[in-house]
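Visitor: Next up is a structure, given as structure tokens.
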Amino acid sequence: PQPPYKDGVPEQYYKPSDPVQLPERKANATFVMLVRNSDGPNIMNSMKQIEDRFNRKFQYPYVFLNDQPFTENFKKYISQLTDAPVEFGLIPSDHWKQPDWIDEAKATAAREDMMKNNVIYGGSVPYRNMCRFNSGFFYKQELLQKYKYYWRVEPDVKFFCDIDYDPFLLMQDEQKVYGFTITLYEYETTIPTLWETAKEFIKENPEYLPADNAMSFVSDDGGLTYNRCHFWSNFEIADMDLWRSEAYTKFFDYLDRKGGFYYERWGDAPVHSLGAALFANKSQIHFFNDIGYRHEPFQHCPQGDLHKNGKCWCDPGSNFDYEWYSCLSRYDKLF
Ligand code: GDP
Ligand code: MN
């Protein structure tokens with residue numbers, strides 16, 4: 001008689017995975033992916049790694065966000081990658097589109113000027129919408145209201161190591177509010193007036209800065225100038241209450257009203273980084289040294305025991321931490 005078959009393979013060859021023992025304690029947290037339909041294959045690439053290296057054992061939910069409706073195919077294939085809940089949200093257009101109080105002639109001139117100077121994404125309106133959305137709107141989405149912590153994941157990133165503990169619980173138990181893996185300098189041409197604007201805000205609202213803030217991470221001269229250091233926001237594990245706070249809410253609105261998301265090309269990375277450096281205690285900013293991570297063209301590869309414990313597959317010799325363009329040593333100096 002024929003052996004029982006499963007997907008064309010005799011069942012005797014199968015070894016079922018051990019049933020997953022879900023942890024007793026979890027944080028109020030989710031993954032967040034802002035993507036287009038065309039990012040489907042590339043975000044599946046990232047999500048599969050997250051599942052295999054971490055979430056298979058922890059079952060945190062996913063929230064996918066898009067300024068266009070997700071296609072049925074997108075939702076189907078994404079949902080098949082995990083046993084955890086997956087939700088898909090459509091971003092309200094007033095959270096995404098260039099506001100009408102932006103002077104379009106001035107914005108157009110700025111884009112043309114940046115294109116001439118080969119500023120990366122300098123001519124793009126959608127990229128600016130995305131930066132503004134990530135700076136001040138993602139945590140206002142309806143699907144995210146029930147969550148406190150999030151882990152931002154982008155298409156085509158790499159996670160090199162097993163993550164055998166819950167980074168969200170670490171954030172919660174250690175009272176961290178912002179976690180990063182890579183930190184570097186921002187292009188001056190994208191943020192010419194960002195620091196002046198932030199300084200005006202600080203001058204008008206000094207009460208929002210805790211005494212123990214991380215100002216010295218972003219300024220080498222006590223706040224006079226910005227050294228352009230920022231956390232690379234394509235990876236973030238953070239507490240949305242930081243962005244939902246009165247301080248950051250007013251800060252974002254202040255920046256937004258100045259128009260620099262469109263008249264310049266302010267990125268969400270420097271904006272979040274200034275938010276974290278100014279409004280959090282420095283002890284609340286966490287370097288996830290054990291999380292091996294790559295977003296082109298840089299990677300953080302854990303060293304020594306961390307590399308071994310995580311069974312990491314990155315080349316330890318290829319590690320951005322103390323390259324000349326990294327800001328990690330400035331973070332180290334905070335402590
Ligand atoms: P880079 O990392 O700065 O080069 O920018 P990316 O192209 O990776 O964009 C950053 C994130 O925003 C990624 O998760 C993208 O999928 C997402 N993104 C960028 N532009 C758009 C857009 O127009 N619509 C949507 N829905 N997502 C976008
Ligand atoms: Mn990216």
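Visitor: I want to check the label-to-label distance for residue 224 and residue 59. Put each point 7 Å from Cα in the C-beta direction and report it in nm to one decimal.
Guide: 5.7
Visitor: Looking at region 268-319, which trypsin sites (Lys or Arg not before Pro) are in a loop (DSSP not H, G, I, E or B) and have at most 15 other Cβ atoms within 10 Å?
Guide: Passing sites in region 268-319 are 311.
Visitor: Tell me the Kirkwood radius of region 1-129: reciprocal of the mean inverse pair distance over distinct alpha-carbon atoms, in Å.
Guide: 18.7
Visitor: Looking at the chain, which Cys residues are left with no other cysteine's beta carbon under 4.7 Å from theirs?
Guide: Lone cysteines by the Cβ rule: 131.
Visitor: Also, quick follow-up: State the percentage of accessible surface on region 161-301 attributable to carbon and sulfur atoms; use a 1.4 Å probe and exclude ligands, DNA and RNA.
Guide: Carbon-and-sulfur percentage of accessible area, whole number: 49.
Visitor: Right, another one. Please give the length that would be gained between residue 324 and residue 246 if that part of the chain were fully extended, namely 0.36 nm times their separation in residues minus their C-alpha to C-alpha distance (nm, one decimal).
Guide: 24.5 nm
Visitor: On to the next question. Treat region 281-335 as a sphere of radius equal to its Kirkwood radius over Cα pairs and apply Stokes-Einstein at 25 °C in a medium of 0.890 mPa s; give the translational diffusion coefficient in µm²/s, rounded to a whole number.
Guide: 203
Visitor: Measure nothing fancy, just the Cα-based angle from helix 40-50's long axis to the longest principal axis of the chain, in degrees from 0 to 90, nearest 10.
Guide: Orientation of helix 40-50: about 70 degrees from the principal axis.
Visitor: Let me check I've understood the local charge: for residue 93, count other residues with C-beta under 12 angstrom from its C-beta, Lys and Arg +1, Asp and Glu -1. What total comes out?
Guide: -2
Visitor: Could you work out the helix-only [θ] at 222 nm for the chain, with each DSSP H run of four or more residues adding -39,500 (n - 2.57) and the total divided by the number of residues, to the nearest 500 deg cm²/dmol?
Guide: -9000 deg cm²/dmol
Visitor: Taking the DSSP beta bridges in the chain as the whole, what percent of them are antiparallel, to the nearest 5?
Guide: If I count the DSSP bridges inside the chain, around 50 percent turn out antiparallel.
Visitor: Further question on the same structure: Can you list which of the trypsin sites (Lys or Arg not before Pro) found in region 100-169 are DSSP loop residues with at most 15 other C-beta atoms within 10 Å?
Guide: Passing both the DSSP loop test and the Cβ count: 146.
Visitor: Separate question: Find the Cα radius of gyration of the chain, compare it with 2.2 N^0.38 Å by division, and give the number to two decimals.
Guide: My calculation over the Cα atoms of the chain gives 1.06.
Visitor: A further question on this structure: Looking at region 185-329 from every direction and averaging, what is the projected area of its Cα convex hull in nm²?
Guide: Averaging across all directions leaves 9.3 nm² for the Cα convex hull.
Visitor: Please state the shape class of region 149-242: rounded when a/c is under 1.5, otherwise prolate if a/b exceeds b/c and oblate if not, all from the C-alpha gyration tensor.
Guide: In terms of gyration-tensor shape, oblate.
Visitor: Pulled fully out, how much extra length does the chain show between residue 52 and residue 158, if you take 0.36 nm times their separation in residues and subtract their Cα-Cα distance?
Guide: Here the segment from residue 52 to residue 158 would lengthen by 37.0 nm.
Visitor: Scan region 92-164 for chymotrypsin sites (Phe, Trp or Tyr not before Pro) in coil per DSSP, keeping those whose Cβ has at most 10 other Cβ atoms within 10 Å, and list them by number.
Guide: 101
Visitor: When the chain is treated as a GNM, springs tying every alpha-carbon pair under 10 Å, which of 266, 243, 313 comes out with the largest mean-square fluctuation?
Guide: The residue with the greatest mean-square fluctuation here is 313.
Visitor: With a 1.4 Å probe and all protein chains left in place, how much accessible area per residue does region 86-187 have, in Å²?
Guide: 45
Visitor: Report the calculated FRET efficiency for residue 189 and residue 215 (r = Cβ-Cβ distance, R0 = 30 Å), to the nearest 0.05.
Guide: 0.80
Visitor: OK, next. Across region 179-335, how many lysine pairs, 8 or more apart or on two chains, come within less than 18 Å at their alpha-carbon atoms?
Guide: For region 179-335, qualifying lysine pairs total 6.
The values are calculated or read from the model by the stated rules, or taken from the named source; none is laboratory data. Since the structure is predicted, the reported quantities are computational estimates derived from the model, not experimental observations. Backbone-built Cβ (ideal geometry, glycine too); neighbour counts: all protein chains shown. Ligands, DNA and RNA are excluded from the accessible area calculation, which covers all protein heavy atoms including side chains. Shrake-Rupley method; radii C 1.70, N 1.55, O 1.52, S 1.80 Å.
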